[in-house]
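A quick write-up on the structure given underneath.
Each value in this text was obtained by applying a stated rule to the coordinates, not by laboratory testing. Everything numeric here is computed off the predicted structure, so don't read it as measured data. Cβ: placed from backbone, ideal geometry, glycine included. Neighbour counts: every protein chain shown.
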């Protein structure tokens, strides 16, 4: 079933004649803060300029999150993606992305505390002298990343339903959502998203000059695809029935 979700979500953006332009815009927006950070660390720009550019880059990154949230909510509502959203509703994208950023920061804080607690219990203190410990820390980080990739769409769906940041932190409601949504197909989607992003990053990042841009555009495209995948899966789980994966219904313009 996950394969059907993925194939449909991969085809949908390509129906938009200008899909590649919209992906480039999203890729550039997600690349800006990282580019500013790299230039600052390498000493190619001064620290004050770098900090300012990173702040500006984070603003555009938040806008890109709002764009992805629009794609995600459309999938939650069962709309077909005949056309990708336009890059024009800047205020709405920035506001939605800002709220999502607060949710992400909150859960990353909790995940960080849990990560340090597990390291302490298992005795996995990072050390360059013990490769096995470093491998254990890396594997734990990968596991937490996969879990967050799957967890965030669920809390974002709760936020979309109630339009409240606090609703995304309601333990009772989130636990109920987890029981309804998380199954074998959903876990495959989490692993697929993480694996495809990692594979693309490893391949494209080695290309000279344009590597960073290609990684960012690819990452944004896959984020659009999996925003549709996760949205459709959550909608199907909430409705207690398989989604209609056929073409041509409920199209938006």
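Is it possible to state the helix-based mean residue ellipticity at 222 nm for the chain, with each DSSP H run of 4+ residues giving -39500 (n - 2.57), the sum divided by total residues, to the nearest 500 deg cm²/dmol? What is it?
So the helix-based figure for the chain works out to -26500 deg cm²/dmol.
Work out how much length residue 34 to residue 188 would gain on full extension: take 0.36 nm times their residue separation and subtract the Cα-Cα distance, in nm to one decimal.
Length gained between residue 34 and residue 188: 52.6 nm.
Ranking request for peptides 161-174, 79-92, 216-229: highest mean number of other beta-carbon atoms within 10 Å first, then the rest in descending order.
For the peptides 161-174, 79-92, 216-229, the packing ranking is 216-229, 79-92, 161-174.
Fewest to most neighbouring Cβ within 10 Å: what's the order for 70, 21?
Starting with the residue having the fewest Cβ neighbours, the order is 21, 70.
Where the centre of each part is set by its Cα atoms, how far does region 192-239 sit from region 16-56, in angstrom?
18
Separation between the residue 138 and residue 44 pseudo-spin-labels, each 7 Å from Cα along Cα→Cβ, expressed in nm?
2.6
Does region 57-172 come out rounded, prolate or oblate by the C-alpha gyration tensor, with a ≥ b ≥ c the root eigenvalues, rounded set by a/c under 1.5 and, if not, prolate when a/b is larger than b/c and oblate if not?
prolate
At a 10 angstrom cut-off on C-beta neighbours, averaged per residue, how do the peptides 111-123, 189-201 rank from highest to lowest?
My ranking of the peptides, most packed first, is 189-201, 111-123.
Need the full-extension length gain, residue 108 to residue 4, defined as separation in residues times 0.36 nm minus the C-alpha distance. One decimal, nm.
34.3 nm
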